Amino acid sequence: MRGALISFRPCSRYTQPQATKGREMDKSIAVLGTGANGSCIAADLTRKGHDVVLIDQWPEHVEAMRADGLHIAMPDEDLHVAVRAHHLCDVCTMNTRFDVVLLAPKAYDTRWMAEFIKPYLAEDGLAVGIQNAMMQDEIASVVGANRTIGCVVELSSEIFTPGRVQRNTPPAKTWFGVGSLDPRMDGRVAEIQ
């Protein structure tokens, strides 16, 4: 069943983001759409020492994260991490281009969010749709297949209160399958693992 849903290539599977050495640690990462899953992924990356900026359209959520960090309640652990959270309207004041943009909005917000972040994606940057590979073609139509990586995620979480997420899938059982849409991108998949 999984293979039938994945049209990108090659798919490699890994679990939690790992602390990395060298060039990967200094990549600037934006998580665009920090609802439940986007917040969990951003918190994991931040905890591992990556340079992560969270961007969201829910003002109360952004303000809660700014004031008291991000709280992730999990079956075996509670995580509280300080994050750099920004409203959509803050992005125009940033003087940065991101090496990696993880797009985590609802499917119906994908196209406009890809258009929104395109000017802030580095020329050789990667846009990764972390919406279970359903929107990679939409993202590629905006930023180009040569800058798009597809991703399938096993992660269940929910958010009802700003700044607080209930994560149902513990980190040890969370996994990501990533792959390229364009064979010329096969070598770049490892950059986001």
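The values are calculated or read from the model by the stated rules, or taken from the named source; none is laboratory data. Quantities reported herein were computed from a predicted structural model and do not represent experimental measurements. When we count neighbours, we look across all protein chains shown, and the Cβ atoms used for this are built from the backbone with ideal geometry, even at glycine. When the accessible area is computed, the model is the full protein with side chains, heavy atoms only, and any ligands, DNA or RNA have been set aside. Shrake-Rupley method; radii C 1.70, N 1.55, O 1.52, S 1.80 Å.
Roughly how compact is the chain, stated as its Cα Rg over 2.2 N^0.38 Å to two decimals? Working shown, then result.
Numbers: Rg = 15.4 Å, N = 193, 2.2 N^0.38 = 16.3 Å.
The chain yields a ratio of 0.95.
In the full protein assembly as shown, how much of Asp90 is accessible to a 1.4 Å probe, in Å² to the nearest 10?
30 Å²
Can you show me the helix-derived [θ] at 222 nm for the chain, built from DSSP H runs with n ≥ 4 at -39,500 (n - 2.57) apiece and divided by the number of residues, rounded to the nearest 500.
For the chain, the value works out to -6000 deg cm²/dmol.
Take every Cα-Cα distance within segment 112-193, group them into 5 Å bins from 0 onward, and report for each bin the whole-number percent of pairs it holds.
All Cα pairs, binned at 5 Å, distribute as 3, 14, 21, 20, 17, 14, 9, 2, 0 percent.
Most fluctuating residue of Asn146, Asn95, Asn168 in a GNM of the chain with Cα springs under 10 Å: which is it?
Asn95
Please report the carbon-and-sulfur percent of the accessible area for the chain; probe 1.4 Å, protein heavy atoms only, DNA, RNA and ligands left out.
Carbon plus sulfur share of accessible area: 52 percent.
Provide the per residue accessible area, probe 1.4 Å, for segment 137-193, rounded to a whole number of square angstrom.
42 Å²
Name the most mobile residue of Val91, Val128, Val83, meaning the one with the largest mean-square fluctuation, in a Gaussian network model of the chain with Cα contacts below 10 Å.
Largest GNM mean-square fluctuation: Val91.
Using R₀ = 41 Å, calculate the FRET efficiency as 1/(1 + (r/R₀)^6) where r is the Cβ-Cβ separation of Thr93 and Met134; round to 0.05.
0.85
Along each principal axis of its Cα atoms, how long is segment 26-118 end to end? Whole angstroms, biggest number first, please.
Per principal axis, max minus min of the Cα coordinates gives 38, 30, 22 Å.
Obtain the radius of gyration and the Kirkwood radius of segment 105-146 from its C-alpha atoms and give Rg over Rh.
On the way: Rg = 9.4 Å, Rh = 10.3 Å.
With Rh from the inverse mean 1/r over Cα pairs, Rg/Rh is 0.92.
For Glu60, Glu154, Glu191, what's the largest-to-smallest order of accessible area, 1.4 Å probe?
My answer, sorted largest first, is Glu60, Glu154, Glu191.
Within the chain, which complete DSSP H helices have Cα atoms spanning at least 18 Å along the helix axis and a mean Kyte-Doolittle hydropathy of 1.0 or higher? Present the calculation step by step, with values, prior to reporting the outcome.
Working: long enough: none.
In the chain, no H run is both long and hydrophobic enough.
If I take all pairs of Cα atoms in segment 83-155, what percentage of them are more than 21 Å from each other?
Numbers: 574 of 2628 pairs.
Within segment 83-155, distances greater than 21 Å cover 22 percent of Cα pairs.
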